[in-house]
Amino acid sequence: MNIPTDYLLGLSGILFGLGILGVLMRRNAIVVFMSVELMLNAANLALIAFARQAQDLIGHVLVFFVIAVAAAEVSVGLALIVTIFKTKHSIDIDQVSGLRG
Amino acid sequence: MTTDLWVFLGLALIAVASAVSMLVSRNAVYSALFLVLNFVAVAVLYLLLNAAFIALVQVTVYAGAIMVLFLFVIMLLGAERLETGRALRWQQPAAAVLGAALLAEMGWVFFGGAGTGSVPAALLGGAFGSPAAVGRLLFSDYLLPFEVTSILLLAAMVGAIVLAREDRRRREGP
């Protein structure tokens, strides 16, 4: 396939920047969490692009591990969000400023 | 302009547009669905890049399992529209400025002198990135990390259950 690696890196950078904007701007904790997933996705895209350029499958293996760790992270993070919602009745991250329940 | 480049441009447009829509939509359910669209577009891009196995993992794990978990939690909490009021007035402009600065820096690194240059696609065999090739690598050189990942997933599952369950002892106590 004839796509230059630079274009893929550009797309990856744009998606990563959008994810950072989501983390910084939104205050709904679930949307912030989804923006983190978007950033992981952008990093995966860069890894795949580099793996193709270097003709090395290690990039694919790394992306596989990133996806597995993201699944673990999402399960724990969403459980935390549910627990915070039970105690504070809100998932506005501005109000979650203390660790005590 | 070859066909591949047009397909890439279309997919990139879909991915960026869905990411922007995810950021600006007020309803969290719409955000989650736009993120699914983004993941599927990137998965098709992986297919173009000789990464068939990763594309399938992306669709099943990311767009399937993880986003279904997100949608479950959003609907369980009824947290579709919980953004009201504005506590920090300077937050959004500051975020926009910082994000734009980071994007400019990344553009400078990628397309400035330190970039990779426009490398034409390497000639890859048909087996590159196939499930058989990636699986062979996973079960030979990377067997230990693979098993550690399974322990990590087990720990995450136990942790999620411990965090999210009702605390019966405290409720029945004095």
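Brief remarks on what is shown
- Scaled to the globular estimate 2.2 N^0.38 Å, the Cα spread of the stretch A:5-88, given as radius of gyration, is 1.27.
- Within the protein assembly as shown, the ratio Rg/Rh, alpha carbon atoms throughout and Rh by Kirkwood, equals 1.00.
- Per residue of peptide A:30-40, the mean number of Cβ atoms on other chains within 10 Å of the residue Cβ is 6.
- Rg over Rh [alpha-carbon atoms, Kirkwood Rh] for the stretch B:1-81: 1.06
- Long-range HN-HN contacts of residue B:50 with modeled amide H, under 5 Å: none
- Counting only DSSP H runs of at least 4 residues, each contributing -39500 (n - 2.57), and dividing by the residue count of chain A, the helix-based mean residue ellipticity at 222 nm comes to -27500 deg cm²/dmol.
- Net charge, residue A:5 excluded, C-beta distance under 14 Å - Lys, Arg +1, Asp, Glu -1: -2
- In order along the stretch B:6-14, phi translates into HN-Hα couplings of 5, 4, 4, 5, x, 5, 5, 4, 4 Hz, rounded to whole numbers, per the Karplus curve 6.51 cos²θ - 1.76 cosθ + 1.60 with θ = phi - 60° and x for Gly and Pro.
Throughout, read-outs are computed from the coordinates displayed, never taken from laboratory work. Nothing here was measured: the structure is a model prediction, and the numbers come from that model. Because the Cβ atoms are built from the backbone with ideal geometry, glycine has one as well, and the counts that use them run over all protein chains shown.
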